[in-house]
1. What is the angle, in °, between the Cα long axis of helix 18-28 and the longest principal axis of the Cα atoms in the chain? Nearest 10 is fine, range 0 to 90.
2. Taking the Cα centre of the stretch 368-418 as origin, work out the dipole magnitude from +1 charges on Lys and Arg Cβ and -1 charges on Asp and Glu Cβ, in debye rounded to 20.
3. Extending each Cα 7 Å along its Cβ direction at D130 and T110, get the distance between those two points in nm, one decimal.
4. Leaving out ligands and nucleic acids, note down the accessible area per residue over the stretch 308-418 with a 1.4 angstrom probe, in whole Å².
5. In the stretch 341-416, what percent of the accessible surface is made up of carbon and sulfur (1.4 Å probe, ligands and nucleic acids excluded)?
6. Determine the sum of side-chain charges near V409: Lys and Arg each +1, Asp and Glu each -1, restricted to other residues whose C-beta is under 9 angstrom from that of V409.
7. Excluding ligands, DNA and RNA, what is the solvent-accessible area per residue of the stretch 63-148 at a probe of 1.4 Å, expressed in Å²?
8. For every other residue with a beta carbon closer than 14 angstrom to the beta carbon of H158, add +1 if it is Lys or Arg and -1 if Asp or Glu, then tell me the sum.
Amino acid sequence: MAQLSDDCFAFGGPMMSVDKAVGLITTRVDAIADIETVALVEADGRVLARDVAAPLPLPPFTNSAVDGYAVRNADIPQAAERAFPLDGRIQAGALAQAPIKPGYTARIFTGAPMPPDAETVFMQEDVRIDDNGKIVLPSGLKPGANVRPAGEDIPKGHIALRAGQRLRPQHVALAAAFGLVGLDVVRRIRVAVFSTGDELASPGEPRAAPQLFDSNRFMLMAMLRRLGCEVSDLGILRDERISLANGLKQVAGSHDLILTTGGVSTGEEDHVKAAVESIGSLVLWRMAIKPGRPVAMGIIDGTPLIGLPGNPVASFVTFVHVVRPTVLALAGSLPEPLLPIPVRAAFSYKKKNGRREYVRVSLRRAQDGRLEAVKFPREGAGLLSSLVETDGLVELDEPITHVEPGQDVGFLSYADLL
Ligand code: AMP
Ligand code: MG
C-alpha cells in the first residue's frame, strides 16, 4: 500500500488552481513498488515497471523495402538506362545467398534480406524486361534507395520503452518485435469506490419516490477501469457520520485509494469531512474550477482518500483533474499532461477571471474545413445529458474572461482523458 503522511495534502491557500492541485499530487503521492509480469496480450493499459533495452536491432537484418531488383551501388546506371542479366531470387524469409556478382541484378521481394554487397533496390514498377529477358534499370536512382538497414528503426541496446510508460497497442507491438513474451508492469492500483447520500438507490434495488439511482459510482468505476485500476464496488453509504467512518475505515488497509462521491460540500448533511476527520485527517481543497466544488483530500491509515462532489458533471471534471493524476502517480506512470487542441469556438461565453472553466461541447466541421466547438445549450452541473451528447471539454484558462464566436479555444476530447 502507499503510505502517505497525514499532512500530505495540506494546503494553506483559499483557492487552489488546477495546475497547483496536479503539481501537489504529482510530488506528494508515492508510487507503488509491487511489480508483476503479464503476458503481452494482457499488457495494454498497464504501466511499465522497468526500462526495456532493445535486445536486437530493428529491423534485425538489412532488407528490401520493396518488390524489385537489387544491385551494387557501383552498378547503378548513371547517364542512361542499362540492361542487366539476372542472378538470383530472394524471397522474404529466405536466407541471403552468395554476394551479388558485379554487373548483375537479383530479383528481391519486400522484407527479404539483401544479398551481400547489394546496396540498392529498384522498384519493379520502374524497370522493364527486354526481348532478351534482361532487366533494364533506369538511370539516376539514389544509392541505398529502397533498402531498410539493420537497426534503422531501433539500434540494439537502445532504451526503447521507459519505466512509467502507460502501455498502448504500439508499445505492446514493440515488445513483440523484440521477441518478448511478457512485460514487467506495476500491479493494478486498488481503488475502493463509495457513493454517499440518502437520496441514492442502487440500480436493481427499489427506488423510493424522493430517490434517484446512483449513477456516479458507475461512471467513476468505469473511468478507473480505463485507467487500469482494480475497482471494489462498495455501494452507497448513508448521510451519517458513524456509518460513513466505519465504511471508510474498513477499506483503508486493503486499498491504495479510497474514492467517494457526494457529501463534501459544507451543508449540514455533508458528512464525509467529519467522518474522515474522526478516523484520519482531511483537508478540503477549494479548487478554482467550474464545474466543480470543494474536493476532499485525506489520509486514513496511510491510504489516500479523495472525496468528489455529487453533481455528475462536477464529479466527472474533478475526477479528470484530481483522481486521474493521483492514479497515475500511484502507478508510477510518467505524467500525462492534458494538451487541448485548438478549435474554433461557435459560441460566446462569459467567465470569471482567475478560475479554470470547462465548457461541454460537440465538434462539427465548418464550411471552410475547420473544426468548430458547439456549446451544449444548458449549463447545469447535474445534467448527465450534457456529457452524453457532447464530444469533449473546451478548457478556458484562468485569465480568460469571455469567449466570442470565431475565437480559437482549446479542446480536450473525452477519448483522450483516460
Ligand atoms: P452532494 O455533493 O452530496 O451535495 O450532491 C449534490 C447533488 O448531486 C445531489 O443533490 C444529487 O442530485 C447529485 N448526486 C449526488 N450523488 C450522486 C450519485 N452518486 N449519482 C448521481 N447523482 C448524485
Ligand atoms: Mg449528498
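1. 80 degrees
2. The calculation lands at about 220 debye.
3. Each label point lies 7 Å from its Cα, and together they span 3.0 nm.
4. Values: 4830 Å² over 111 residues.
In whole numbers, the stretch 308-418 has 43 Å² accessible per residue.
5. The value for the stretch 341-416 is 51 percent carbon and sulfur by accessible area.
6. -1
7. So the stretch 63-148 comes to 51 Å² accessible per residue, rounded to a whole number.
8. Values: positive: K156, R162; negative: D51, E152, D153.
Surrounding charge for H158 is -1.
The values are calculated or read from the model by the stated rules, or taken from the named source; none is laboratory data. Just so it is clear, the structure is predicted and the values come from calculations on it, not from any experiment. For neighbour counting, all protein chains shown are included, and Cβ atoms are generated from backbone atoms with ideal geometry for every residue, glycine included. With ligands, DNA and RNA removed, areas are computed over all heavy atoms of the protein, side chains included. Shrake-Rupley method; radii C 1.70, N 1.55, O 1.52, S 1.80 Å.
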